[in-house]
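Chemist: The structure follows.
The values are calculated or read from the model by the stated rules, or taken from the named source; none is laboratory data. What you see is a predicted model; the values in this text were computed from it and never measured. Neighbour counts run over all protein chains shown; Cβ positions are idealised from the backbone, glycine included.
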C-alpha cells in the first residue's frame, strides 16, 4: 500500500459540553452529529452521550461527546463528565448576559479541576438572532462579540459565535478543537463507537460507552 492510500491515524477525544440551561448545547451537538435542528428541543436530563468523527488532513479525530444538563440541580455532577476530558465546549447565549457569567464560572472550574492542557472553546450560540436584527427585527444581541472575544483571548480559549439553527460555524468549532488537541494526549480509537445519541442516566455513565450506535462521519 502506498503512502498516499495508507489509512490516516484515528484517535478518540473526550469532549464535554457545559453551560447554562437553554443556551443550545444539545442543538449544537445535534447539528454537528446529524446536521439537524429541532425547534423545541427537550431539556437534557443528566447527560447524553454522542460520537462523531472529524476528518483532518493528517488524522481522524473521533469525538466522544458528553452533553451535560444545564439545570442547576445537575451542576454538582459535572466533574463526573469532564474528568479526563481532553476538550470542552463552554456555551452561552448571545442574547442572555447571565449565560456568559455562568460560562465564565465553568471555564474557571475547568482550569482549576480538569485535565492539564484541556482545550476549551468558548461558544456564543444563537447567532441567527443577531442576524434578525440586521433584517429590521427587534435587537436581541445582549453580549457584544468584542467583549466575549477579549475574555476568551485573556483566558487562552478558542472563540466562536455559532448558530445551531442555521449551522453557521458549528463545523468550524469542532474542527478547531480537533486541530488544537496535542498529539501527545491522543489515544488510539477503540472499535464499535460510531455517531449517535443516547440519553444517559447519571448513575450509568460508564455504561453509555457501550451503547452508542454506529453512524456517519462529518
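Chemist: Which residue, of 148, 208, 152, 178, is modelled with pLDDT under 95, touching a strand residue (DSSP E or B) at 6+ places or on another chain (Cβ under 9 Å) and in a helix (DSSP H, G or I)? Show your work before the answer.
Modeler: Working: 148 fails: modelled with pLDDT under 95; 152 fails: modelled with pLDDT under 95; 178 fails: modelled with pLDDT under 95.
Matching residue, one of 148, 208, 152, 178: 208.
Chemist: Another question, then. Quick one: which of 143, 65, 61, 94 is touching a strand residue (DSSP E or B) at 6+ places or on another chain (Cβ under 6 Å), under 15 Å from residue 160 (Cα atoms) and modelled with pLDDT of 95 or more? Break it down into steps so the answer makes sense when it comes.
Modeler: Working: 143 fails: touching a strand residue (DSSP E or B) at 6+ places or on another chain (Cβ under 6 Å); 65 fails: under 15 Å from residue 160 (Cα atoms); 61 fails: under 15 Å from residue 160 (Cα atoms).
One residue alone meets the criteria, 94.
Chemist: Sticking with this structure for a sec: Kindly check whether there is at least one residue in the stretch 74-84 that is touching a helix residue (DSSP H, G or I) at 6+ places or on another chain (Cβ under 6 Å), crowded, with 24+ Cβ neighbours inside 10 Å and not in a loop (DSSP other than H, G, I, E, B).
Modeler: Checked against the condition, which is being touching a helix residue (DSSP H, G or I) at 6+ places or on another chain (Cβ under 6 Å), crowded, with 24+ Cβ neighbours inside 10 Å and not in a loop (DSSP other than H, G, I, E, B), the stretch 74-84 yields no hits at all.
Chemist: Identify, from the list 48, 88, the residue that is touching a helix residue (DSSP H, G or I) at 6+ places or on another chain (Cβ under 9 Å), modelled with pLDDT of 95 or more and assigned to a strand (DSSP E or B). Break it down into steps so the answer makes sense when it comes.
Modeler: Values: 48 fails: modelled with pLDDT of 95 or more.
It is 88.
Chemist: Got a number for residues in the stretch 108-125 being surrounded by fewer than 24 Cβ atoms within 10 Å (Cβ to Cβ), farther than 23 Å from residue 184 by Cβ and either modelled with pLDDT under 95 or in contact with a strand residue (DSSP E or B) (Cβ under 9 Å, 6 or more places away or on another chain) (or both)?
Modeler: 1
Chemist: While we're looking at this one, here's another question. Please specify each residue of the stretch 40-69 satisfying the condition of being over 18 Å from residue 87 (Cα atoms) and either without any contact (Cβ under 8 Å) to a residue 24 or more places away in the chain or buried (at least 22 other Cβ atoms within 10 Å of the Cβ) (or both).
Modeler: 40, 41, 42, 57
Chemist: For the stretch 141-167, give me each residue that is surrounded by fewer than 16 Cβ atoms within 10 Å (Cβ to Cβ) and more than 20 Å from the chain's Cα centre (by Cα).
Modeler: 142, 144, 146, 147, 150, 154 - these are the residues of the stretch 141-167 that are surrounded by fewer than 16 Cβ atoms within 10 Å (Cβ to Cβ) and more than 20 Å from the chain's Cα centre (by Cα).
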